[in-house]
Structures are given as structure tokens and as C-alpha cells.
Amino acid sequence: MRHLIEPMDMTPAEIDAVLDLAGRIIQNPRAYAQKCTGKKLATLFYEPSTRTRLSFEAAMLELGGSVLGFSSADSSSAAKGESVADTIRVVSCYADIAAIRHPKEGAAMVAALYSGIPVINAGDGGHQHPTQTLTDLLSIRSLKGRLNQLTIGLCGDLMFGRTVHSLIKAMMRYEQVRFVLISPRELRVPDYIRDALLLHKIPFQEVERLEEVIHKLDVLYMTRVQRERFFNEEDYIRLRDSYILDIDKLRLAKEDMIVLHPLPRVNEIAPEVDNDPRACYFKQVLYGKYVRMALIMTMLGVEE
């Protein structure tokens, strides 16, 4: 039985296989409409989510399966003090696979240790978000035609952004990838990410102004400054408007650059950018459903 707790749980070959399957689903979704008939997905969401939870549910429903679960800790027995370990033991009696999102780092790993069914980490604190990473990889590969020979800019909250951490770790394994890390000094990537880049001799630079480097980028990955990750409101207010992508900045970019964002956005991408063909974040949402369909099939061992 396999679990997916972080992107490194899958080899590049396994990731490519999931992306290839997602590509085939995109080409002919009807062929997969009954692949998970009789299977149940449990969505255990201890913190709010729109895209990730609905994407998992839509993926399972489009495969012909069914869904059960909860959308907040308040609506589960966690409100009574039940542990993650006990919850997953119970859910293992009801479902065939589970997706868990939790505000505490390591909660998905705890669930995997006690689970009788495959566990997918749907985001744990500021740590990992592997299915968003698979979504990002499918988006980049589909829109740019490759996952190597790319300069990727990551902009905004790089300290607490789990999607950023997961994407960097996954993309490090592809050839000739370079990172440009754009953030306020207070929100730079954590030391463990910087150390990993240095250890693997992956070229990267850290800058504070998007305008200085946007012309170099093949992919611009925007993130919001997350209020829920701050310990005090004062720091959040001071930094929330640090990086806003608007039309003026976009004019400096390559014509074939793509703009991605894990969403939700607040004000870090101006609404007028949505009309630019380089704005691909809503396409990215759709890719997320297809890659989760492929992942569910893979982890359940469902034959094509």
C-alpha cells in the first residue's frame, strides 16, 4: 500500500507515469468514467479549502466513485478531541482511499502510519502539498511542452508557501532548471530549501523586485501573502501588498511566459491580467482535477 505525503515519495518515472495518464484522461475523459465504480474517497479536511477539496471530490465522482468526509475540524470528532490516528483508523473501515488536509505539519504522516487505506496529503501546515505540485507539473508540461530547460520564478510568500516548497523539491530533479526566488527579506525560502538547492548545485538567485527579473522567466509562479501563517497582524499588513503582478510588469515579460498561481488570490494578481493569454491559473485548476483522477487510479491500482 502506497501513501503520498510529499512529492519525493514518487520517483520522476512514477510522476511522469501519473502525468501521462492525466494526459490520456484529458484526451478522452469518457473512457475513464467508470474506473472507480464501487470505490469510496474520504476527504478529511481539518482546515478550509475550496479548490483542493472540490477537485478531489470532482475527480472521484468523474471516475464513477463516491465521496464521504468532512470540510472542517468543527464538523468532525476532532472537535471532541479525537486524534488524527483514531480518525484514520475509523475512516479506514468506511473508505478505500483518503485525502487529508491539516493545519499541523506532519499530520498526514501520522495518518499514514495508522491507516489501513492509502493516504494522500492534501496539505499539511506550511510543509508539503504534493497534489498541488503534481497539478503544477502537469500545467507546466502541458503549457510549455517540457519540464526541463526552464527558468522558474517564484514570487511572494516563499517562507510559508507549502506549494512553493513542494514545487522546488520536485523540479530540482529535472535537468537545466533554474530558480529565481522573488520575495521580501522576511518571507524568503526556509533554510532547508536553500540548503537543498546548494547541495544539488541547482542554480538560483534571490531578489526583492519582480521587475528586475521578470524578463528572464519561462514560468512565473505567484503566491499570496497568507494571513493565517503569520503570528501577528502587524507583519501581515506590512507585507501583504509587497508583490502585485499588473499589466505594466507583464509587459516586461516574454511573450510565451506563463503565469501560474495555486489560488486563492487576494490582490497579488490584478484582475486585468486575467485577459492576457499568459495568465494560466484557471487552466491550472482544471489540470488539478485531471491529475488527481490519475493519482487516485494509480494509488488504488485501478487498471486502465
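The values are calculated or read from the model by the stated rules, or taken from the named source; none is laboratory data. On a predicted model such as this, the values are computed, not experimentally measured, just so you know. Cβ: placed from backbone, ideal geometry, glycine included. Neighbour counts: every protein chain shown. Side chains included, ligands, DNA and RNA excluded: accessible areas come from the protein's heavy atoms. Shrake-Rupley method; radii C 1.70, N 1.55, O 1.52, S 1.80 Å.
Out of the helices (runs of 4 or more DSSP H) lying entirely within the stretch 204-304, which hold 2 or more residues that are without any contact (Cβ under 8 Å) to a residue 24 or more places away in the chain and among the acidic types (Asp, Glu)? Reasoning before the result, please.
On the way: elements: 233-239, 247-250, 281-300.
By residue number, 233-239.
Go over the candidates LEU147, LEU137 one by one and state the one that is in contact (Cβ under 8 Å) with a residue 12 or more places away in the chain, open to solvent by 10 Å² or more (accessible area, probe 1.4 Å), outside any strand (DSSP E or B) and not acidic (Asp, Glu).
LEU147 is the lone residue from the list that is in contact (Cβ under 8 Å) with a residue 12 or more places away in the chain, open to solvent by 10 Å² or more (accessible area, probe 1.4 Å), outside any strand (DSSP E or B) and not acidic (Asp, Glu).
With respect to the numbered conditions (1) open to solvent by 20 Å² or more (accessible area, probe 1.4 Å); (2) assigned to a strand (DSSP E or B); (3) closer than 21 Å to ASP124 by Cβ, which one is the sole condition not fulfilled by LEU154?
(1)
Tell me which of these LEU197 doesn't satisfy, since it passes every other one: (1) open to solvent by 70 Å² or more (accessible area, probe 1.4 Å); (2) modelled with pLDDT of 95 or more; (3) on the phi < 0 side of the Ramachandran plot.
(1)
Out of (1) in a strand (DSSP E or B); (2) at pLDDT 95 or above; (3) open to solvent by less than 10 Å² (accessible area, probe 1.4 Å), the odd one out for GLY123 is which?
Only one criterion is unmet by GLY123, namely (2).
Given the structure, is LEU198 free of Cβ contacts under 8 Å to residues at least 60 places away in the same chain and not in a strand (DSSP E or B)?
yes
Which of the residues spanning the stretch 171-184 are within 14 Å of LEU154 (Cα to Cα) and out of contact with any strand residue (DSSP E or B) (no Cβ under 9 Å at 6 or more places or on another chain)?
PRO184
Identify all residues within the stretch 260-294 that are under 30 Å from ARG30 (Cβ atoms), surrounded by fewer than 20 Cβ atoms within 10 Å (Cβ to Cβ) and among the basic types (Lys, Arg); write none if there are none.
Result: LYS283, single match.
SER115 - would you say it is in contact with a helix residue (DSSP H, G or I) (Cβ under 9 Å, 6 or more places away or on another chain), of a type in the set (Gly, Ala, Ser), open to solvent by 10 Å² or more (accessible area, probe 1.4 Å) and more than 30 Å from MET257 (Cα to Cα)? Talk me through it step by step, then tell me what you get.
Details: in contact with a helix residue (DSSP H, G or I) (Cβ under 9 Å, 6 or more places away or on another chain): yes; of a type in the set (Gly, Ala, Ser): yes; open to solvent by 10 Å² or more (accessible area, probe 1.4 Å): yes; more than 30 Å from MET257 (Cα to Cα): yes.
So SER115 fits the description; yes.
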